[in-house]
1. Kindly provide the set of residues from region 114-137 that are more than 27 Å from the chain's Cα centre (by Cα), charged (D, E, K, R) and loosely packed, with under 10 Cβ neighbours inside 10 Å, ordered by number.
2. Does residue 84 fit the bill of being within 22 Å of residue 32 (Cα to Cα) and hydroxyl-bearing (Ser, Thr, Tyr)?
3. Can you tell me which residues in region 13-53 are over 14 Å from the mean Cα position of the chain (by Cα), modelled with pLDDT of 70 or more and not aliphatic (A, V, I, L, M)?
4. Given (1) outside the structural domain of residue 48 (by TED's automatic domain parsing); (2) modelled with pLDDT of 60 or more; (3) assigned to a strand (DSSP E or B); (4) of a type outside the set (Phe, Trp, Tyr), where does residue 116 come up short, assuming only one miss?
5. Name the residues in region 41-88 that are within 30 Å of residue 125 (Cα to Cα) and part of a loop (DSSP other than H, G, I, E, B), would you?
Amino acid sequence: MPRIPVFNSPLLLGFEHFEQMLDRVSKSSADGYPPYNIEQTGPEELRITLAVAGFTMEYLEVTIEDNQLVIRGRQSDDDDERIYLHRGIAARQFQRNFILAEGIEVTQARMQDGLLHVDLVRPIPEPQVRKIKIENADDGGGGGRNIDLAIDAE
């Protein structure tokens with residue numbers, strides 16, 4: 001079923017990049033492995049928790065690539081010498097991508113009881129005020145007038 005474009009309004013110019021990111025996230029989130037939680041731990045703090053039972057720290061990797069938090073996991077190669085009578089625990093690689101808003105920083109990543117916790121902080125941006133010059137098109141643009149345009153940076 002095709003997704004209805006959210007940002008196709010003429011009032012939302014320049015948001016095509018966000019729409020492409022949403023498409024990418026929806027495609028990558030179709031696979032639910034490993035399961036994860038995103039929680040708010042404080043007014044400006046977030047935590048992403050992934051259930052990574054069976055992975056050790058040396059087989060997990062947390063990186064930031066452009067504006068994405070990328071978490072990768074791979075299994076060890078010592079399974080070749082084991083003989084399984086039943087194998088119900090998934091032993092597969094994974095990659096989870098989380099798109100970070102501008103200004104969000106990763107403060108730490110830690111393992112505890114088979115869970116990988118990645119802590120993030122979202123600093124409150126300072127409001128910005130810019131003046132936009134309005135030019136008069138009737139006299140060739142020479143008689144411009146300044147107006148105040150408040151831009152809320154949230």
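The values are calculated or read from the model by the stated rules, or taken from the named source; none is laboratory data. Bear in mind that the values here come from a model prediction, so they are computed numbers and not experimental data. In this analysis, Cβ positions are derived from the backbone assuming ideal geometry, glycine residues included, and neighbour counts consider all displayed protein chains.
1. Residues satisfying the conditions are 130, 131, 133.
2. So residue 84 fails the test.
3. Within region 13-53, 32, 33, 34, 35, 40, 41, 42, 43, 44, 45 meet the criteria.
4. (1)
5. Within region 41-88, 41, 42, 43, 44, 66, 67 qualify.
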